[in-house]
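The values are calculated or read from the model by the stated rules, or taken from the named source; none is laboratory data. Predicted, not measured: the structure shown is a model, and the values here were computed from it. Note: ideal-geometry Cβ built from the backbone for every residue, glycine included; neighbour counts use all protein chains shown. Just so you know, the surface numbers come from the protein's heavy atoms only, side chains and all, with ligands and any DNA or RNA stripped out. Shrake-Rupley method; radii C 1.70, N 1.55, O 1.52, S 1.80 Å.
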Amino acid sequence: DTADAWQGIGGHLITLRGGTNTMEVLDQQSVSVAGISADGRILYWLIVDGRQPGWSEGLRPDESAAMIRQLGATDAIRMDEGSVVTLVKAGGWTGAEVVNRPSHPYIIGMQRPIGSFVGIRAQPLPK
């Protein structure tokens, strides 16, 4: 039910629906997947670098769905193949820290110049 939604984001493939893996066994690649817990309280992000032999080959689509389900998601959507994804967290002396290794076509680890982003700010879960 999206009646109360005030923001939205899209992807291109449903990877989990009600805990069921809907993905095929295809080649490994970089991946970014967003998932949500059954109660709708927890948002999961799965970012996997790929195309970098010796560092990360990526995941098959069915593997990425299985992994985000292991994290606790029951429903998830694949955002893209992930090679353009740069995962950044707040903090550090510069104010932000890149925590993955993007697969730029010419310089491994360099962020790709993409004109869109998703920012999330949330309260930590109570302990």
Taking only pairs six or more apart or across chains, which ones have beta-carbon atoms under 6 Å, a first residue in the stretch 1-25 that is assigned to a strand (DSSP E or B) and at pLDDT 85 or above, and a second residue that is of a type in the set (Ser, Thr, Tyr) and surrounded by 10 or more Cβ atoms within 10 Å (Cβ to Cβ)? Ile14/Thr22
Take the conditions in a loop (DSSP other than H, G, I, E, B), within 26 Å of Pro102 (Cβ to Cβ) and within 18 Å of the chain's Cα centre (by Cα) and apply them to Gly50. Does it pass? yes
Please tell me if Leu43 is crowded, with 20+ Cβ neighbours inside 10 Å and either under 10 Å from the mean Cα position of the chain (by Cα) or not polar (S, T, N, Q) (or both). no
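Would you kindly identify the strands (runs of 3 or more DSSP E) lying entirely within the stretch 68-107 that contain at least 1 residues that are within 25 Å of Gly54 (Cα to Cα) and over 14 Å from the mean Cα position of the chain (by Cα)?
Numbers: elements: 75-80, 88-90, 96-98.
In the stretch 68-107, 96-98 are the strands (runs of 3 or more DSSP E) which contain 1 or more residues that are within 25 Å of Gly54 (Cα to Cα) and over 14 Å from the mean Cα position of the chain (by Cα).
How many of the residues making up the stretch 95-127 are modelled with pLDDT under 75, farther than 22 Å from Gly35 by Cα and loosely packed, with under 15 Cβ neighbours inside 10 Å?
Residues of the stretch 95-127 modelled with pLDDT under 75: 104-117, 121-125.
Add one more test, that the residue is farther than 22 Å from Gly35 by Cα, and what stays is 104-115.
Narrowing the set further to residues that are loosely packed, with under 15 Cβ neighbours inside 10 Å leaves 105-115.
Number satisfying all stated conditions: 11.
I'd like the residue in the stretch 26-40 that is in a strand (DSSP E or B) and of a type in the set (A, V, I, L, M) and, out of all such residues, is most open to solvent (accessible area, probe 1.4 Å). Give the steps one after another, and end with the answer.
Residues of the stretch 26-40 in a strand (DSSP E or B): 29, 31-36.
Add one more test, that the residue is of a type in the set (A, V, I, L, M), and what stays is 31, 33-34, 36.
Values: Val31: 0, Val33: 0, Ala34: 14, Ile36: 68 Å².
Here the answer is Ile36.
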